[in-house]
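Student: Please find one structure pasted underneath; my questions will follow.
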Amino acid sequence: MKIWFDISNSPHINMFYELIQELEENGHTIIITSRPLANTVELLDQRGMTHTVVGEHYGKSLLKKIFGYPIRVVQLRKFLNNHKPDLAVSQSSFHSPVVARLLKVPSIYTNDNEHALGNLISFLCATRVLIPESLPIRSVAKLGISSKKIKQYPGVKEGIYLWSKGRHIHEARTSITSNVPEIYVRPEPQTAQYYKGKENFLDEVILELQSKYKIFVLPRDTKQAKHYKQSKFHSTIVPDRPLSFDHIASNCTVFIGAGGSMTREMAILGIPTISVYQDDLLEVDQLLIKKKLMLHSPCLTAPELDNYIKHSINTSPALELMQKGKLAYNLLKREILKFEKHD
């Protein structure tokens, strides 16, 4: 079977990496398309994943996004006409189900962000929709989507790929010998359609504590990188290239996230995590907070962070979510293989 994955954002790389490897090992042909957003291209290259960049990212402007959307749909359709996939698979790619419908091939679409506007057309066009168990089917079906095409997977999206590496990362973390805490900061997704919060709101905290702790800022784009490379952030480390997920998870003392996926990843792995997300929290975020795996502090201050670091405790990965993650991984794989044609 020839399977097309549209990897349109950096978190999707971790989600699909091992699944793609397993599918290839079992004889399936994989086609990967990407777009230049939030280190996606660089991280795909780091992983050695063969991909083709199709289209571009149109920034924060809703008008430009609306204008650019059909352009990438046409570009993807033109590219895939020559590859003739049997199935399209994507996470949060609003283009993939539409292109698949135009190509007259089935598609599997997954999403855990109930606030994303692009979900409506994606849910309508997809053959199968997968959502986390914390997101009620009725909240998707009320958009006019048939509940018959919707299936809930156990746990949260991040568990789909973290179940296989949780123990390894936990063991790596227990061997850390450095006395200087390493704080990793993932700034806000400034160009995301759903993000309506403040920009650069963590500056004051970073400036106050950068000489006391080893602070790494993980920028999403060149604009953020340029901001945090200003002279006033003289003691803050801004990597020139994206750091690997395993390196961050293995060395992080406390993680501060203004976005979603990476913040949830760290929390699930048992890493002390503070979400400073500015908008309404997703159902999956509320689940992690309820389970006390993550602290939500949108107005985080330097004294609050300082106190949190002093009392932070490195715990084991969330076993329940890891186990559910393995079940979700196998469910996704089964859903994909249902479309395999047998002679």
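Student: Taking the range 246-280 only, how many residues are under 21 Å from Ser92 (Cβ atoms) and more than 15 Å from the chain's Cα centre (by Cα)?
Tutor: 3
Student: Related question: If Val276 satisfies all but one of (1) touching a residue at least 60 places away in the same chain (Cβ under 8 Å); (2) surrounded by fewer than 21 Cβ atoms within 10 Å (Cβ to Cβ), what's the number of the condition it fails?
Tutor: In the conditions (1) touching a residue at least 60 places away in the same chain (Cβ under 8 Å); (2) surrounded by fewer than 21 Cβ atoms within 10 Å (Cβ to Cβ), Val276 misses (2) alone.
Student: Output the qualifying pairs, or none if there are none: Cβ atoms under 8 angstrom, residues six or more apart or on different chains, first residue in the range 307-330 and over 16 Å from Gln152 (Cβ atoms), second residue of a type in the set (D, E, K, R) and part of a loop (DSSP other than H, G, I, E, B).
Tutor: Ala318/Lys291
Student: Suppose the filter is of a type in the set (Val, Ile, Thr), free of Cβ contacts under 8 Å to residues at least 24 places away in the same chain and farther than 22 Å from Leu281 by Cα; does Ile145 pass it? Please lay out each step first, then the result.
Tutor: On the way: of a type in the set (Val, Ile, Thr): yes; free of Cβ contacts under 8 Å to residues at least 24 places away in the same chain: yes; farther than 22 Å from Leu281 by Cα: yes.
When the stated conditions are applied, Ile145 passes them.
Student: Confirm whether Leu23 is surrounded by 15 or more Cβ atoms within 10 Å (Cβ to Cβ), within 25 Å of Asn81 (Cα to Cα), out of contact with any helix residue (DSSP H, G or I) (no Cβ under 8 Å at 6 or more places or on another chain) and not β-branched (Val, Ile, Thr).
Tutor: No.
To keep it simple, each residue is scored yes or no on (1) touching a helix residue (DSSP H, G or I) at 6+ places or on another chain (Cβ under 8 Å); (2) modelled with pLDDT of 95 or more.
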residue: Leu80; (1), (2): yes, yes
residue: Arg101; (1), (2): yes, yes
residue: Val105; (1), (2): no, yes
residue: Asn113; (1), (2): yes, no
residue: Arg128; (1), (2): yes, yes
residue: Leu135; (1), (2): yes, no
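Student: Any idea which of (1) under 17 Å from the mean Cα position of the chain (by Cα); (2) charged (D, E, K, R); (3) at pLDDT 95 or above is the one Arg334 doesn't satisfy?
Tutor: Tallying (1) under 17 Å from the mean Cα position of the chain (by Cα); (2) charged (D, E, K, R); (3) at pLDDT 95 or above, Arg334 fails exactly one: (1).
Student: While we're on this one: Can you tell me which of Thr40, Thr29, Thr33 is buried (at least 21 other Cβ atoms within 10 Å of the Cβ) and modelled with pLDDT of 95 or more?
Tutor: Thr33
Student: Is there any pair with a first residue in the range 73-86 that is among the basic types (Lys, Arg) and a second that is surrounded by 17 or more Cβ atoms within 10 Å (Cβ to Cβ) and part of a helix (DSSP H, G or I) whose Cβ atoms are under 6 Å apart and which are 6 or more apart or on different chains, and what are they?
Tutor: So the pair list comes out as Arg77/Val99.
Student: What is the residue count in the range 1-17 for residues that are more than 14 Å from the chain's Cα centre (by Cα) and modelled with pLDDT of 95 or more?
Tutor: Summing the residues that are more than 14 Å from the chain's Cα centre (by Cα) and modelled with pLDDT of 95 or more in the range 1-17 gives 4.
The values are calculated or read from the model by the stated rules, or taken from the named source; none is laboratory data. Here the structure is a predicted model, which is why all the values come from computation and not from measurement. All Cβ positions, even for glycine, are placed from backbone atoms using ideal geometry, and neighbour counts span all protein chains on display.
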